């Protein structure tokens, strides 16, 4: 009986990945899933920070470390470290997929219970949202074009849903809530 229960839980639970460029609204979506839907929250940059003992808010350093991992064939290992943290009995939100290997690893692990949401937002809106993190638009574009960010757009075709990040938080989270219901139902998106 216990085996049937754990199989049923794992079979019914959701793992939702969130991808998009810097400042697109990924964390808004993932934190909404955590706060309002009870999902576990995971972020690739936090796994990297733990792995390389780096401050989680050191964006430039995390981009460097992320690029070392990505260009050095460590992306699968990074995914394995993230997957090991996911509680098999709870829904999970994974913030910050940056590479097709991230999608492939999560899809392989969680099969039909893994869904990807891609947030699409213009560079101007993203820069405005990030406030004082970047002194100029040119600084923002330099960070946005760092090699570790170069594969993000290739995730869009894998997405179960592409959402506009140009809308307000309320509209974005309403759309996410509706998607969660669709994903839970097993209906095609």
The exposure ranking of 172, 82, fewest beta-carbon neighbours within 10 Å first, is 172, 82
If each part is reduced to its alpha-carbon centroid, region 13-67 and region 115-174 end up apart, in Å, by 13
Cα convex hull volume per residue for region 66-173, in Å³, equals 126
For region 28-120, averaging the sequence separation of alpha carbon pairs under 8 Å that lie six or more residues apart and dividing by its residue count, the contact order in percent is 34
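Where does each of 77, 55 land when they are ranked from fewest to most other beta-carbon atoms within 10 angstrom? Mind dumping the intermediate values first?
Details: 77 13, 55 9.
Ascending number of Cβ neighbours within 10 Å: 55, 77.
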For the chain, the longest principal axis of the Cα atoms and the Cα long axis of helix 26-37 enclose an angle in degrees, to the nearest 10, of 30
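How high is the relative contact order of the chain, given as a whole-number percent (alpha carbon pairs under 8 Å, six or more residues apart)?
It comes to 33 percent, rounded to a whole number.
What ranking of 141, 46 emerges when the number of other C-beta atoms within 10 Å of each C-beta is taken as an exposure proxy, fewest first? Show your work: numbers first, answer last.
On the way: 141 13, 46 16.
Ordered from fewest to most neighbouring Cβ atoms within 10 Å, 141, 46 come out as 141, 46.
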For the chain, the longest principal axis of the Cα atoms and the Cα long axis of helix 169-185 enclose an angle in degrees, to the nearest 10, of 30
What helix-only [θ] at 222 nm does the chain give? Using -39500 (n - 2.57) per DSSP H run of at least 4, over all residues, to the nearest 500, the answer is -15500 deg cm²/dmol
Diffusion coefficient in µm²/s returned for region 128-172 by Stokes-Einstein, Kirkwood Rh over C-alpha pairs, 20 °C and 1.002 mPa s, is 167
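What is the extension gain from residue 80 to residue 142, computed as 0.36 nm multiplied by their sequence separation minus the C-alpha to C-alpha distance, in nm to one decimal?
On the way: separation 62, 0.36 × 62 = 22.32 nm, distance 2.95 nm.
Between residue 80 and residue 142, full extension yields 19.4 nm more.
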Note on region 2-185: alpha-carbon gyration tensor, axes a ≥ b ≥ c; rule is a/c under 1.5 for rounded, else prolate if a/b larger than b/c, else oblate; result oblate
In degrees, nearest 10, the alpha-carbon axis of helix 100-110 is tilted away from the dominant principal axis of the alpha carbons of the chain by 20
Per its Cα gyration tensor (rounded if a/c is under 1.5, else prolate when a/b beats b/c, else oblate), region 31-88 is best filed as oblate
Subtracting the Cα-Cα distance of residue 53 and residue 87 from 0.36 nm times their residue separation yields 9.9 nm
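Here, each number is a calculation from the coordinates, and none is a lab measurement. Keep in mind that this is a model prediction, so the values were computed, not measured. Virtual Cβ from ideal backbone geometry, glycine too; neighbours counted across all protein chains shown.
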